[in-house]
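Below: the structure, in structure tokens.
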Amino acid sequence: HTEINKKYCFNNFIEGESNRLARYSSYQLAKLKNSYNPLFLYGNTGLGKTHLLHAIGNFILENNNTAKVIYIHSERFCANMVKSIKNNSIEEFKKYYRSVDALMIDDIQFFSNKERSQEELFHTFNTLFDHDQKIILTSDRYPKDINGMADRLKSRFSWGLTISINPPDLNTRIAILLYKAAERKIKLSYTIAQFIATKLCSNVRELEGILNKLQNHSIFNQKNINIELVQSTLQDLLICQKEKITIKNIQKSVSKYFSIKMSDMLSKKRTRSIAQPRQIAMALVKKLTNHSLSEIGIAFGGKDHTTVLHACRKIKELSKKIKKFIMIF
Ligand code: ADP
Ligand code: MG
């Protein structure tokens, strides 16, 4: 989770009007060519903020493999801080985050209303800033609009370059679909990409969602994707969206099904009656949403991505034994 994900780079980030400036400034920063600090990227979910952070990290490391670049999600930063206070290792914690060439903190809005964490962030920010170490932040909204964030932090967030990422326009959506289809070896014609792109227009994760579904559909192996298949898949997707397959909803449904408390679902309790539903919920989230292992870990009360991976494997094993499961996993 402080690791850079090799999957996300500048090469596979499709550029369009909506993200050009964000991509360009990220790229300049990765080349260490600009002097502004911090870089603050903001925009709705699924528009490529996290992708760009990893791309920056990968680029810096490719050009200097001794560079120290840290990517961390805000919730993880806060959790690590709490842990190090408990363990009396706050000094190490401080050192760790202040010894970097570049520190990237994702979804900074999660610091809202966490005063102690904001305090630590404030000092880390100042130290890095004073030594011209790079700070890259993302948020779902403009710095000034982050409620529950100290004013001194909000103003610091805007000291460098603040750039928005917007939903991609039609042509960019088509380009993204065609690129990602090719990557997955799905045969998708321009016309069909265009058809999908006119129906789905809020974010890139959604576009990846439909490609996943098309890919899962058995007939694509034999034939090109045709319009009937796309229409029915889109319909499924739109119905699913109505019922919102979100992490929260999956957690709720599974808790309800197994009659366990939501707080237990998110807890560290290891009794089987709680651990197994939790593992099932984790595996369902992995299967039905596009969230990464670390994001899922975070949403289940700050667990490690390896815990989620373990859960997915366990449930897959289980599904071989219990027929009812096979349909899904
Ligand atoms: P955010 O952090 O803004 O919520 P992500 O960076 O997680 O969004 O992006 C969601 C998914 O969409 C990721 O799989 C990412 O690779 C992909 N994505 C977003 N924007 C682009 C783009 N311009 N080109 C290619 N893939 C993109
Ligand atoms: Mg993100």
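Restricting to strands (runs of 3 or more DSSP E) lying wholly in region 1-120: which have 1 or more residues that are of a type in the set (S, T, Y) and out of contact with any Lys or Arg (no Cβ under 8 Å at 6 or more places or on another chain)? Before you say what the answer is, go through the steps one by one.
On the way: elements: 39-42, 69-73, 102-106.
Strands (runs of 3 or more DSSP E) meeting the threshold: 69-73.
Conditions (1) of a type in the set (F, W, Y); (2) surrounded by fewer than 21 Cβ atoms within 10 Å (Cβ to Cβ); (3) modelled with pLDDT of 95 or more, marked per residue:
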position	(1), (2), (3)
S89	no, yes, no
D106	no, no, yes
L121	no, no, yes
F129	yes, yes, yes
D140	no, yes, no
D145	no, yes, no
D151	no, yes, yes
Unique residue being within 20 Å of the chain's Cα centre (by Cα), farther than 18 Å from I296 by Cα, surrounded by fewer than 22 Cβ atoms within 10 Å (Cβ to Cβ) and not hydrophobic (A, V, I, L, M, F, W, C) when the list is N80, N37, N58, N63: N58
Can you name the residue in region 168-190 that is more than 19 Å from N290 (Cα to Cα), at pLDDT 90 or above and of a type outside the set (A, V, I, L, M) and, of all such residues, is least open to solvent (accessible area, probe 1.4 Å)? T172
Return the pair list, or none, for Cβ contacts closer than 9 Å from residues in region 307-320 that are of a type outside the set (A, V, I, L, M) to residues that are open to solvent by 100 Å² or more (accessible area, probe 1.4 Å) and in a helix (DSSP H, G or I), at least 6 apart or on different chains. C312/K287
Identify all residues within region 49-62 that are in contact (Cβ under 8 Å) with a residue 60 or more places away in the chain and farther than 14 Å from M104 by Cβ; write none if there are none. none
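Within region 253-311, count every residue that is part of a helix (DSSP H, G or I), closer than 20 Å to F110 by Cα and among the aliphatic types (A, V, I, L, M).
Initially, region 253-311 is screened for residues part of a helix (DSSP H, G or I), giving 253-257, 262-265, 272-288, 293-299, 305-311.
Okay, now just the ones that are also closer than 20 Å to F110 by Cα, so 263, 293-299, 305.
Filter once more, keeping what is among the aliphatic types (A, V, I, L, M): 293, 296, 298-299.
Here the count works out to 4.
The values are calculated or read from the model by the stated rules, or taken from the named source; none is laboratory data. What you are looking at is a predicted structure, and each value in this text was computed from that prediction instead of being measured. All Cβ positions, glycine included, derive from the backbone under ideal geometry; neighbour counts span all protein chains shown. For the accessible areas, the whole protein counts, side chains as well, though only heavy atoms, and no ligand, DNA or RNA atoms are used. Shrake-Rupley method; radii C 1.70, N 1.55, O 1.52, S 1.80 Å.
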